[in-house]
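Peer 1: Mind having a look at this structure? Questions to follow.
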Amino acid sequence: MTNLCISCSREVSTIANSVIFKCPKCGERIVRCGACRKLSINYKCLKCGFGGL
Ligand SMILES: [Zn+2]
Ligand SMILES: [Zn+2]
């Protein structure tokens, strides 16, 4: 299974400090890579539009 960052679409398994969590609103799986977290790039749930930092 590939885990692509929701912001930059890179495979996160090779990127440190990456996180996979469930959308607080709808439970959709959200993947973020360590690079985007470090840059504080906003994420947005593809399913319900819920977003955050
Ligand atoms: Zn990323
Ligand atoms: Zn959602």
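All of the numbers you see were taken from the coordinates with simple rules; none came from a lab. These numbers come from a predicted model, not from an experiment. Because the Cβ atoms are built from the backbone with ideal geometry, glycine has one as well, and the counts that use them run over all protein chains shown.
Peer 1: If residue 9 satisfies all but one of (1) surrounded by 13 or more Cβ atoms within 10 Å (Cβ to Cβ); (2) among the small types (Gly, Ala, Ser); (3) assigned to a loop (DSSP other than H, G, I, E, B), what's the number of the condition it fails?
Peer 2: Condition not satisfied by residue 9: (1).
Peer 1: For segment 14-53, which positions are within 12 Å of ligand 1 (Cβ to nearest atom) and either out of contact with any helix residue (DSSP H, G or I) (no Cβ under 8 Å at 6 or more places or on another chain) or of a type in the set (Phe, Trp, Tyr) (or both)?
Peer 2: 14, 30, 35, 36, 37, 38, 39, 40, 41, 42, 43
Peer 1: Out of segment 18-41, which residues are of a type in the set (S, T, N, Q) and surrounded by fewer than 12 Cβ atoms within 10 Å (Cβ to Cβ)?
Peer 2: Within segment 18-41, just 40 meets the criteria.
Peer 1: Here is a follow-up. Can you tell me which residue within segment 42-53, out of those that are near ligand 2 (Cβ under 9 Å from one of its atoms) and assigned to a loop (DSSP other than H, G, I, E, B), is surrounded by the most Cβ atoms within 10 Å (Cβ to Cβ)?
Peer 2: 45
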